[in-house]
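Just so it is clear, none of the values below were taken in a lab; they were calculated from the coordinates. Note that the structure is a prediction, hence the values are computed from the model and not measured. We place every Cβ from the backbone using ideal geometry, glycine too, and count neighbours over all the protein chains shown.
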C-alpha cells in the first residue's frame with residue numbers, strides 16, 4: 001500500500017522508474033524499489049518521525065549498531081523547510097516568505113496525471129515521447145529514481161542492496177572504514 005500516492009499513481013510511477021533505469025544484466029530501478037522510495041519521500045510526514053534524515057553513524061552492515069533506520073526528529077526550522085519543499089507553501093504565510101512554492105507532491109500528482117493512466121501499457125517509444133513532453137518533471141523524477149536505486153536502503157529503495165551491487169559499491173562501511181587497498185584501487 002502506498003504511503004502517499006494513490007494505487008493508480010503508484011502503478012504509473014512504477015512504469016516510469018522502469019523506463020528511466022530499466023533492468024539489464026542486473027536489476028533496474030523497479031526491482032530496486034525506487035518507486036517505493038519516491039512514495040515514502042512524498043509521504044515523509046505521514047511517519048513519526050518524518051522519513052527525512054536517517055540516523056547513524058552506522059548501519060550495522062559492517063559492524064556497529066544498526067542505527068540508520070532510526071530517523072531523527074526535525075527541528076522546527078527543518079520541518080518548515082522540508083514541508084515547504086515536499087508539500088509546497090499552500091498559502092501558509094511561514095512557507096511563503098520568498099513567495100509561493102509548488103511542492104513535490106503537486107509536481108508528482110500533476111506529472112503522473114499528464115503521463116496518463118495508460119502509461120504502463122504504452123510501447124516504449126510512446127512512453128519516451130510522453131516523458132520528453134514534460135522535461136522538468138522527468139528531470140525531477142530521474143533524480144529521485146537515482147536516489148531510490150543507489151541510495152541508502154533505509155529510505156525505502158535499493159532493496160537488498162541491489163543498486164550498490166550493480167555498480168560494485170560497498171556502501172556505507174563505518175565503523176570499519178575503507179582499507180588502504182580499497183582506497184588506492186583504480
Simple SL model, points at 7 angstrom along Cα→Cβ for residue 146 and residue 65; separation in nm is 3.4
If R0 = 30 Å, then residue 126 and residue 25, at their Cβ-Cβ distance, give a FRET efficiency to the nearest 0.05 of 0.70
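Given contacts defined as C-alpha pairs under 8 Å and at least six residues apart, what's the relative contact order of the chain, whole-number percent?
29
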Taking 104-116, 68-80 and ranking on average Cβ neighbours within 10 Å, highest first, one gets 104-116, 68-80
Once residue 7 and residue 168 are pulled to full extension, the length gained, defined as 0.36 nm per residue separation minus their Cα-Cα distance, is 54.6 nm
Pseudo-spin-label distance residue 185 to residue 114, built 7 Å along Cα→Cβ, given in nm, is 4.2
Expected sort for 84-93, 150-159 on mean C-beta neighbours within 10 Å, highest first, is 150-159, 84-93
The stretch 1-102: spread of alpha-carbon positions along the three principal axes, whole Å, largest first, is 50, 39, 24
In whole angstrom, the spacing between the Cα centers of the stretch 59-101 and the stretch 11-57 equals 17
Ordering 7-20, 29-42, 129-142 by per-residue average of other C-beta atoms within 10 angstrom, highest first, gives 29-42, 7-20, 129-142
Between (i) 1, 8, 14, 19, 17, 13, 9, 7, 4, 2, 2, 2, 1, 1, 0, 0; (ii) 1, 8, 14, 17, 18, 16, 12, 8, 5, 2, 0; (iii) 1, 7, 15, 20, 23, 18, 10, 3, 0, 0, the structure-derived P(r) over Cα pairs in 5 Å bins from 0, in percent is (ii)
The relative contact order of the stretch 123-170, taking Cα pairs under 8 Å that sit 6 or more residues apart, comes to a percentage of 18
